[in-house]
Amino acid sequence: MQTRTNGQYGQLAAGAAIGLAAGLALPLARKALMQAPSAATGDWAEALKAEHRLVEKAFEAALATTEDDVMKRDMLLAKIAYALTKHAIQEENVIYPAMMQHGQQDQARALIEDHGRIKTFIFELRNIDAGDVMWRSTLQGFYDDLRTHIREEEDVIFPAFHAALPEAESARLTAMMNWEGFKVA
Ligand SMILES: [Fe+2]
Ligand SMILES: [Fe+2]
């Protein structure tokens, strides 16, 4: 009897352990899924480009809304904020420091400053009611500013930096960046 009770406790404990493992595995699977499109590109610059396109899509969708689409606007702003936060962590924790290591301190600092302004835009928009007429014009200003930053990264800074990096170092940055993205995905 005693043995059986212990056995039942053992089964319960095992069940709890499995439940705990599943509970932990689920967020990891979700994270892996969220990072998959970026990781699949196999290159840090391509991954960042793909993320730029995704966030632009969310902006275009948000700019197509009206004052009546309050819920949709809130949802799209949350999507934009989430995507930009993950993207910024990847650039700020890996790519910009690598640029600094390679003597591009001024460019890296200017990009970090842009990111600070982007965070301010997100804060401002969160403080404007999505039904307010100011919401759209603030979002448009935000988007214009962000696109200038994106164009600078994609057309000028990243191609030059990528070309200057040995292939093995680029591969190392890609792996490091994907890990940063996975952590915050
Ligand atoms: Fe950036
Ligand atoms: Fe970027």
Taking first residues from segment 117-138 that are among the polar types (S, T, N, Q) and second residues anywhere that are not in a loop (DSSP other than H, G, I, E, B), the pairs with Cβ under 9 Å that are 6 or more apart or on different chains are THR138/PHE121; THR138/GLU124; THR138/LEU125
Taking segment 66-96 and the residues there that are among the acidic types (Asp, Glu) and within 16 Å of ligand 1 (Cβ to nearest atom), the one that is surrounded by the fewest Cβ atoms within 10 Å (Cβ to Cβ) would be GLU92
Expected single match for under 17 Å from GLY42 (Cβ atoms) and loosely packed, with under 13 Cβ neighbours inside 10 Å among GLU167, GLU180, GLU113 is GLU167
Going through (1) more than 28 Å from ALA32 (Cβ to Cβ); (2) away from ligand 1 (no atom under 16 Å from the Cβ); (3) part of a helix (DSSP H, G or I) one by one, SER170 fails only at (1)
Here the residues within segment 109-132 that are among the β-branched types (Val, Ile, Thr) and under 20 Å from ILE150 (Cα atoms) are ILE112, ILE118, THR120, ILE122
Filtering segment 100-140 down to residues that are in contact with a helix residue (DSSP H, G or I) (Cβ under 8 Å, 6 or more places away or on another chain) and among the aliphatic types (A, V, I, L, M) yields MET100, ALA108, LEU111, ILE112, ILE118, ILE122, LEU125, ILE128, ALA130, LEU139
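Taken together, the values in this text are just the output of simple stated rules run on the coordinates, not laboratory data. Note that the coordinates shown come from a computational prediction; the quantities given were computed from them, not determined experimentally. No Cβ is skipped: glycine too gets one built from the backbone with ideal geometry, and neighbour counts run over all protein chains shown.
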